[in-house]
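No lab work stands behind these numbers, since they all come straight from the coordinates. Here the structure is a predicted model, which is why all the values come from computation and not from measurement. Counting neighbours? That spans all protein chains shown, and the Cβs are built from the backbone with ideal geometry, glycine included.
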Amino acid sequence: MSLKLPIFPLGLVVFPGEKLNLHIFEPRYKQLLNDVLQEHITFGIPAYIENELMPYGTEVELLGVERVYAKGEMDVRTVGKRIFRIAQVINPMPAKLYSGAYADYVNEVNNGDTFLGKEIVGLMKQLHLTLKVEKEELKDLDEHFTSWQLGHFVGFNVQQEYDFLTLPSERDRQFMILQHLQKILPYAMETERLKERIQANGHFKDILPPTI
């Protein structure tokens, strides 16, 4: 049977386990968060891409309210829980300003591969070293990660992140990350070499002439 969720569409993708901070200012979403606080319920964040509400999203749990402003705006902390697929949109929810949906949870297949994990970790570290990027979230990364931990750090665009969200199998998500890294890493390395060549031009150089 489908569950009934208030929904808060956003132009981004939320992954299970991801911590997301939100600033709530629209009247309908201030009402939604107040209902979440009073009724101790979760809500859904479906992706909204290119002016279209996408069927997949992530159920979100409210962790806490950091600040309430004079006009009722709020800064809140949330965490992603489970993936759902919308069966029917309720716009608006009865006697509410915000929308909701009947949705079904997506069953995940936890079939990750350790050898794929090692290869992905190696490529991730190489990519971030090449781009001179440091992410605290990935500092202690090893082959026992879950793919959700990497979804925002491999250079996916929002459509790719959404496609990633819709894959119920951990191994399929690993393959998607691996193929993406194998594709973009050579471009990243060439871009860095190009930057180095450009930066080197215009400086005084000691150049030995050929001995001919």
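Testing the spin-label approximation: label points 7 Å from Cα along Cα→Cβ at residue 88 and residue 50. State their distance in nm.
2.9 nm
What ranking of 193, 85 emerges when the number of other C-beta atoms within 10 Å of each C-beta is taken as an exposure proxy, fewest first? Present the calculation step by step, with values, prior to reporting the outcome.
Numbers: 193 11, 85 16.
Ordered from fewest to most neighbouring Cβ atoms within 10 Å, 193, 85 come out as 193, 85.
Round to the nearest 10 and give me the degree value, 0 to 90, for the angle of helix 27-39's Cα axis relative to the longest principal axis of the chain.
With rounding to tens, the tilt is 70 degrees.
Cα centroid distance between the range 4-24 and the range 39-85, in Å?
4 Å
Choose one answer from 188, 101, 47: the residue with the largest mean-square fluctuation in a GNM of the chain with alpha-carbon springs under 10 Å.
For the chain, modelled as a Gaussian network with Cα springs under 10 Å, the answer is 188.
Only Cα pairs under 8 Å and at least 6 apart count here; give the relative contact order of the chain as a rounded whole percent.
Numbers: 342 pairs, mean separation 43.9, N = 212.
Contact order relative to length: 21 percent.
Report the per residue volume, in Å³, of the convex hull enclosing the C-alpha atoms of the range 114-200. Don't skip to the answer; put the middle values down first.
Working: hull volume 8.2 nm³, N = 87.
Cα-based convex hull of the range 114-200, divided per residue, equals 94 Å³.
Among 182, 38, 126, which one shows the highest mean-square fluctuation when the chain is modelled as a Gaussian network with alpha-carbon springs under 10 Å?
Largest GNM mean-square fluctuation: 38.
Total Lys pairs in the chain closer than 16 Å by alpha-carbon, pairs eight or more apart in sequence or interchain only?
11
Quick check: pseudo-label points 7 Å beyond the Cα along Cα→Cβ at residue 95 and residue 153, how many nm apart are they?
Each label point is offset 7 Å from its Cα along the Cβ direction, giving 4.6 nm.
Could you list the residues of the range 21-58 with an amide nitrogen less than 15 Å from a label point located 7 Å from the Cα of residue 108 in the Cα-to-C-beta direction?
Residues passing the 15 Å test: 57-58.
Give, in nm to one decimal, the length gained when the segment between residue 40 and residue 172 is fully stretched (0.36 nm per residue of separation minus the Cα-Cα distance).
Full extension from residue 40 to residue 172 adds 44.1 nm.
Return the single residue from 28, 67, 82 with maximal mean-square fluctuation; model: Gaussian network over the chain, springs between Cα atoms under 10 Å.
67
Classify the range 1-53 from the C-alpha gyration tensor, please: rounded if a/c falls under 1.5, else prolate or oblate depending on whether a/b exceeds b/c.
Working: a/c = 1.43, a/b = 1.22, b/c = 1.17.
Verdict is rounded for the range 1-53.
For 102, 162, 187, which order do you get if you count the other beta carbons within 10 Å of each Cβ and list the fewest first?
Values: 102 15, 162 19, 187 10.
Ranking 102, 162, 187 by Cβ neighbours within 10 Å, fewest first, gives 187, 102, 162.
Taking a temperature of 20 °C and a viscosity of 1.002 mPa s, what whole-number D in µm²/s does Stokes-Einstein yield for the range 3-105 with Rh from Kirkwood over alpha carbon pairs? Don't skip to the end; give the middle numbers.
On the way: Rh = 13.6 Å.
Using the Kirkwood radius from Cα pairs, D works out to 158 µm²/s.
Over the range 114-200, calculate the relative contact order: mean separation of alpha carbon pairs under 8 Å at least 6 apart, over the residue count, as a percent.
Numbers: 51 pairs, mean separation 37.5, N = 87.
Once divided by the residue count of the range 114-200, the mean separation gives 43 percent.
Sort 3, 32 by Cβ crowding within 10 Å, fewest neighbours at the top. Working shown, then result.
Working: 3 15, 32 23.
In increasing order of surrounding Cβ atoms, one gets 3, 32.
Return the calculated 222 nm mean residue ellipticity for the chain, to the nearest 500 deg cm²/dmol, obtained by summing -39500 (n - 2.57) across DSSP H runs with n ≥ 4 and dividing by the residue count.
Numbers: 4 runs with 69 residues, N = 212.
-11000 deg cm²/dmol, from helical runs alone.
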